[in-house]
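Below is one structure, written out as structure tokens, with a few remarks after it.
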Amino acid sequence: MTSPSLSVPLLCVALAGCGDAVATTDTLDPSTSSSSTTAEPTTAVTPTTSTTTGDETTDSGGMSASESTTTTSTTTTGPDTDTAVSATETTSTSTTDATSTSTTTSTSTTDASTSTTDSTSTTTGGVEVPETCLSADFPVKAPLCGDGGPACVTLRDEVVSANMMFRNDMPAIALDGDCEPVVLYSEAVNGYHGFYGERLGPGMWVATPTPMVVATGSLASDPDNDAVFAMVDDGAFGTSLWRRFDGQWTQEGALVGMNHVRAHQLARDGVGALHVGHVNSDFAVQHEVFDGAWSKEQVITNAEIHVRLALDAADAPRLTSWATVDATWKLHYFAPPGVTEVVAPLGSNVIERQHHDLALVGAEATPWVLLARKQADQVHHDIVLAHRTGPATWALETLASENAPADKTCDDPPPQAGVTCDFDYRTYYPLALAAGQDEVRALYVAIHRQGTLVSACEQNPLPFCYWNTQVEDRSSELRVAWPGSQPDEHQVAAVDVFTDRAAARLDTAGQIHLAFYDDPTGVGLDPLVRYVKIGGE
């Protein structure tokens with residue numbers, strides 16, 4: 001949808017990808033997206049490792065409805081002598097942590113009144129608290145919220161980093177053996193700087209700088225050995241694999257050639273091998289496996305950068321990616337070495353909402369895909385849930401649709417200065433899929449914008465007029481849907497979530513952990529890093 005104001009940038013964070021690797025695919029402005037791809041605009045920046053990020057106290061904003069005030073404080077200690085990137089950042093927030101009724105440092109600690117419900121979770125205050133997230137605990141057997149189960153609510157809503165910084169794409173998230181989240185994120189100011197955030201307890205996060213340059217990255221946990229792997233993109237086509245153990249990073253290897261890596265493109269299989277699904281500098285999808293040495297196979301060409309990867313119970317890879325065929329975008333599914341299949345056409349050669357997600361569900365590892373597809377007017381979008389029903393056969397259902405007749409927008413340029421225009425519309429973005437043993441949940445966000453624009457005119461050198469925002473109110477709902485659900489059945493799990501993509505992990509109690517860049521101010525350039533956990537109340 002065209003922005004109602006030409007003088008105020010739209011959400012970039014998230015609502016544009018903030019300097020992401022492909023300028024043609026990470027923007028809400030249709031005029032800058034096409035079926036062709038261009039070189040990464042940020043690759044000319046020379047990464048530096050001596051910049052100390054800003055330390056500030058801010059209102060975190062954008063929290064859940066049950067929070068009247070959320071305050072974030074950031075404390076700086078001495079610089080990290082190993083990395084010399086920045087000081088260690090500790091963030092403290094007051095939150096809606098429903099699991100902390102009698103804990104002191106971690107929600108995985110419960111009091112004596114806790115009753116055990118299964119081998120991997122306990123109940124505290126009516127909320128399931130997972131005890132372990134080890135390899136043997138998956139796939140998740142606990143019921144997920146929604147679809148006749150418990151109502152979906154916000155269990156945690158916390159700020160990982162309150163620094164308002166320019167960033168790329170979205171953060172990566174993984175769960176450790178105690179089901180606590182760790183987050184890898186970046187700051188793209190005076191170079192690229194990576195940070196590794198760990199949750200110490202309710203509202204308490206510590207973030208330490210990484211020794212490697214991180215523009216974007218992906219995480220995979222090895223919970224049995226208390227280790228985490230990271231595949232990172234340095235913003236200059238360099239991609240390397242790192243292992244974190246006992247607080248230390250060690251480089252394990254690097255991809256050959258020039259490549260891009262984003263969140264949710266790294267997975268660890270049952271024997272410890274690491275799978276990477278990504279694109280190279282020519283935007284060809286690659287599937288690579290590291291088990292001490294690299295092996296590689298190419299899947300498809302002319303692809304968009306946000307490849308998604310999942311492994312079935314036999315560790316066979318499944319991938320999805322948007323790619324251009326016959327001058328139009330189509331979402332493709334791959335089961336190497338088999339042939340590719342089309343999940344759904346976008347219906348356009350211009351793509352603005354390319355983020356999607358992939359999950360494998362059930363004993364047959366049925367692939368499910370969450371995506372946004374254009375409506376016939378080429379402006380509005382539908383949120384679509386697809387699943388494979390047979391070879392090259394996919395069933396699609398529309399979960400939610402933007403409403404063109406109800407929208408009030410200010411798309412036409414003003415005729416003169418001093419004219420006002422009221423706008424009121426909603427936009428939908430697919431966030432993530434969460435899959436248990438035999439069920440799946442689709443998460444999407446509905447952002448409502450309303451306000452008034454006022455026109456101004458300039459002579460430059462010919463006269464032209466444009467809109468300025470006079471007043472604007474924004475609100476949003478993070479909704480949970482499921483197969484066969486109707487829009488009025490979707491449950492609001494969190495509010496004031498201002499992003500268009502998120503990385504998600506499911507713990508053994510069936511709770512969904514989300515990490516994303518959030519723009520609470522609406523300015524659109526410098527988001528904070530936010531973490532939300534949702535589940536049954």
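Here are a few things to note about the model shown:
- Output for the stretch 377-401, where each listed residue is in a strand (DSSP E or B), under 18 Å from Tyr333 (Cβ atoms) and small (Gly, Ala, Ser): Ala386, Gly390, Ala395
- Residue match in the stretch 412-427 (condition: under 25 Å from the mean Cα position of the chain (by Cα), touching a residue at least 60 places away in the same chain (Cβ under 8 Å), closer than 25 Å to Lys374 by Cβ and assigned to a strand (DSSP E or B)): yes
- Restricting Asp226, Asp222 to those that are open to solvent by 40 Å² or more (accessible area, probe 1.4 Å) and not hydroxyl-bearing (Ser, Thr, Tyr) reduces the list to Asp226.
- When Val480, Val492 are checked against the criterion of being at negative phi and in contact with an Asp or Glu (Cβ under 6 Å, 6 or more places away or on another chain), Val492 stands alone in meeting it.
- Filtered residue count, the stretch 482-516, keeping only those that are of a type in the set (Val, Ile, Thr) and either open to solvent by 10 Å² or more (accessible area, probe 1.4 Å) or farther than 15 Å from Val532 by Cα (or both): 3
- Within the stretch 487-528, considering residues that are within 24 Å of Gln354 (Cβ to Cβ), more than 11 Å from the chain's Cα centre (by Cα) and β-branched (Val, Ile, Thr), the one modelled with the lowest pLDDT: Val523
- Looking only at residues in the stretch 191-235 that are of a type in the set (S, T, N, Q) and within 16 Å of Asp178 (Cβ to Cβ), the one that is farthest from the chain's Cα centre (by Cα) is Asn225.
- Test result for Gly253, farther than 15 Å from Pro317 by Cβ and in contact with a Leu (Cβ under 9 Å, 6 or more places away or on another chain): yes
- Looking across the stretch 140-162, the residues that are open to solvent by less than 20 Å² (accessible area, probe 1.4 Å) and modelled with pLDDT of 95 or more come down to Leu144, Cys145, Gly146, Cys152, Leu155, Arg156, Asp157, Glu158, Val159, Val160, Ser161, Ala162.
- Every pair of residues 6+ apart whose Cβ atoms lie under 8 Å, when the first sits in the stretch 186-213 and is more than 22 Å from Asp246 (Cα to Cα) while the second is among the small types (Gly, Ala, Ser) and assigned to a strand (DSSP E or B): Tyr192/Ser186; Gly203/Ser92
- All conditions but one from (1) surrounded by fewer than 18 Cβ atoms within 10 Å (Cβ to Cβ); (2) touching a helix residue (DSSP H, G or I) at 6+ places or on another chain (Cβ under 8 Å); (3) not charged (D, E, K, R) apply to Gln416; the one that does not is (2).
- Of residues in the stretch 387-409 being surrounded by fewer than 11 Cβ atoms within 10 Å (Cβ to Cβ) and β-branched (Val, Ile, Thr), the one farthest from Leu478 (Cα to Cα): Thr393
- From the list Gly191, Gly203, Gly177, the one residue that fits, being in contact with a Pro (Cβ under 8 Å, 6 or more places away or on another chain), farther than 18 Å from Arg501 by Cβ and open to solvent by less than 10 Å² (accessible area, probe 1.4 Å), is Gly191.
- Within the stretch 340-370, the set of residues being under 22 Å from Val276 (Cα atoms), in contact (Cβ under 8 Å) with a residue 60 or more places away in the chain and assigned to a loop (DSSP other than H, G, I, E, B) comprises Gln354, His355, His356.
- Annotation: of all residues in the stretch 232-273 being among the acidic types (Asp, Glu) and without any contact (Cβ under 8 Å) to a residue 60 or more places away in the chain, the one that is farthest from His287 (Cα to Cα) is Asp246.
- Filtered residue count, the stretch 500-527, keeping only those that are in contact with a strand residue (DSSP E or B) (Cβ under 9 Å, 6 or more places away or on another chain), of a type outside the set (Gly, Ala, Ser) and over 16 Å from Leu433 (Cβ atoms): 6
- Of the residues making up the stretch 242-292, those that are open to solvent by less than 40 Å² (accessible area, probe 1.4 Å) and either under 14 Å from Val232 (Cα atoms) or not in a loop (DSSP other than H, G, I, E, B) (or both) number 27.
- Condition broken by Ala404, with the remaining ones in (1) touching a Leu at 6+ places or on another chain (Cβ under 9 Å); (2) at pLDDT below 95; (3) more than 30 Å from Glu364 (Cβ to Cβ) satisfied: (1)
- Conditions (1) open to solvent by less than 10 Å² (accessible area, probe 1.4 Å); (2) part of a loop (DSSP other than H, G, I, E, B); number of the one not met by Pro337: (1)
- Failed item, numbered, when Val343 is tested on (1) surrounded by fewer than 21 Cβ atoms within 10 Å (Cβ to Cβ); (2) at pLDDT 95 or above: (1)
- Leading residue by the ranking (most open to solvent (accessible area, probe 1.4 Å)) among those in the stretch 433-471 that are over 30 Å from Ala406 (Cα atoms) and in contact (Cβ under 8 Å) with a residue 12 or more places away in the chain: Asp438
- Members of the stretch 517-532 found to be assigned to a loop (DSSP other than H, G, I, E, B) and either in contact with a Cys (Cβ under 7 Å, 6 or more places away or on another chain) or buried (at least 24 other Cβ atoms within 10 Å of the Cβ) (or both), listed by number: Asp519, Gly524, Leu525, Pro527
- Taking the criterion of being open to solvent by less than 10 Å² (accessible area, probe 1.4 Å) and of a type in the set (A, V, I, L, M), the residues of the stretch 293-307 that qualify are Ala303, Ile305, Val307.
The values are calculated or read from the model by the stated rules, or taken from the named source; none is laboratory data. The shown structure was predicted, so the numbers you read here are calculated from the model rather than taken from an experiment. Because the Cβ atoms are built from the backbone with ideal geometry, glycine has one as well, and the counts that use them run over all protein chains shown. SASA here: full protein model, heavy atoms, side chains in, ligands and nucleic acids out. Shrake-Rupley method; radii C 1.70, N 1.55, O 1.52, S 1.80 Å.
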